[in-house]
1. I'd like to know if region 141-154 contains one or more residues that are farther than 26 Å from Val50 by Cβ, aliphatic (A, V, I, L, M), surrounded by fewer than 19 Cβ atoms within 10 Å (Cβ to Cβ) and in the same structural domain as Leu209 (by TED's automatic domain parsing).
2. Give me the residue from region 238-259 that is out of contact with any helix residue (DSSP H, G or I) (no Cβ under 7 Å at 6 or more places or on another chain) and part of a helix (DSSP H, G or I) and, out of that set, farthest from Glu131 (Cα to Cα).
3. Before we move on, is Arg312 within 23 Å of Ala329 (Cα to Cα), at pLDDT below 90 and either part of a helix (DSSP H, G or I) or not assigned by TED's automatic domain parsing to the domain that holds Thr242 (or both)?
4. May I ask you to say which residue of Val208, Val232 is in a helix (DSSP H, G or I), of a type in the set (Val, Ile, Thr) and over 18 Å from the mean Cα position of the chain (by Cα)?
5. Limited to region 107-119, what total is found for residues that are in contact with a strand residue (DSSP E or B) (Cβ under 7 Å, 6 or more places away or on another chain) and surrounded by fewer than 21 Cβ atoms within 10 Å (Cβ to Cβ)?
6. Which one of these is closer than 30 Å to Pro158 by Cβ, outside the structural domain of Glu108 (by TED's automatic domain parsing) and in contact (Cβ under 8 Å) with a residue 12 or more places away in the chain: Pro241, Pro207, Pro201?
7. Residues in region 28-51: is at least one of a type in the set (S, T, N, Q), touching a residue at least 40 places away in the same chain (Cβ under 8 Å) and in contact with a Lys or Arg (Cβ under 9 Å, 6 or more places away or on another chain)?
Amino acid sequence: MPALVRAAALTNFNDVALELGLDANAALRRAGLRRDLVRQPDQLVDAQRVAQLLEDAAQRSGCESVGLRIAARRQLSNFGVVSLLLMHQPTLRQVLMTLIEHLHLLNEQLAIQVEDDGHLVILREELLLPEAAPQSIELAIGVLYRMGQALLGERWQPASASFMHAAPKTLAFHARFFKCHVAFDAAFNGLVLQAADLDVPNPTADPVLADYARKMIASMPNDRQRSVDQAVRKAIYLMLPTGRATCKSVAEGLGLSMRTLQRQLDAHGRSFASLLREVREELAQRYVANPHYSLGEVAAMLGYSTHSAFTRWFSKQFGCAPEAWPQRAAASRTSSPSPRTR
């Protein structure tokens, strides 16, 4: 079953396509998406197709800020009923925790982690995709940035925004959007904030409305339950590059004991080892395709102590050396048929 995202992810795509001289309807058809989805924000659609749509738009228009241009037009209300719950949290930290709790209702492929680092806080964001999707990750981080602006106004002052992909040819739009340092070819995707900003009280928070919103969400007929294996996959995606993707660390991050986590995975016919292997395979394809990462760096991010150990594993899994993967992947994409319209 494909991971899903609310069709609200397509909000403002038509406007940006028009601005860039693209035929939005033709772009949607190429991605296998119905054009009427832009008017059905709560409809769930294949997240992979949305990612393909944005990458195709960037390639055809020659504009490498498609995702960020969409994010610039977003409002907090685009989160649907979840927006009411977010608006009435007492602090930005609680907003983020609440957002993470309900991500399965918004985008099943998006993972967010709040990591305290002394006076700074790192908001890591990752998309569970085997191939890099720069436009989608910029859209996700841009929306998170806009959410902070909406809640804190002038008090919203991130220290930096980081992207693991390469810098676009022009940074003009990125510089206008982010009022902070922007780093590319970075070690993670996300934002760096002052820790104190996360605990500034939200003067408009109303616990009664927050409780009302929670009850509304709980009663929604299309409330998709969070699966434990998907939660573990998200945690591994975020923790593997930092060397912390162990069963114990993931269980603690999910608020579970190792025994409870293993029991829940067993009930779904899964294991931590199998999920770790799946995520490692997906990230390996993405990392070796990035020319800015040496194989030594890729090996370290995937948990291998040596370059040679990683090369042996990769060759066994994919049938070719890591150095040959980018050309093979490009040839595979060229020969693959376009998705059919659903």
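The values are calculated or read from the model by the stated rules, or taken from the named source; none is laboratory data. Note that the coordinates shown come from a computational prediction; the quantities given were computed from them, not determined experimentally. Here the Cβ positions follow ideal geometry from the backbone for every residue, glycine too, while neighbour counts run over all protein chains shown.
1. yes
2. Checked region 238-259; the qualifying residue farthest from Glu131 (Cα to Cα) is Arg259.
3. Criteria not met by Arg312.
4. Result: Val208 is the single residue among Val208, Val232 that is in a helix (DSSP H, G or I), of a type in the set (Val, Ile, Thr) and over 18 Å from the mean Cα position of the chain (by Cα).
5. Matching residues across region 107-119 total 5.
6. Answer to the selection: Pro241.
7. Within region 28-51, not a single residue is of a type in the set (S, T, N, Q), touching a residue at least 40 places away in the same chain (Cβ under 8 Å) and in contact with a Lys or Arg (Cβ under 9 Å, 6 or more places away or on another chain).
To keep it simple, each residue is scored yes or no on (1) closer than 29 Å to Ala72 by Cβ; (2) at pLDDT 90 or above; (3) surrounded by 13 or more Cβ atoms within 10 Å (Cβ to Cβ).
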position	(1), (2), (3)
His174	yes, yes, yes
Phe178	yes, yes, yes
Asn189	yes, yes, yes
Pro203	yes, no, no
Leu209	yes, yes, yes
Ala218	no, no, no
Arg226	no, no, yes
Asp229	no, no, yes
Cys247	no, yes, yes
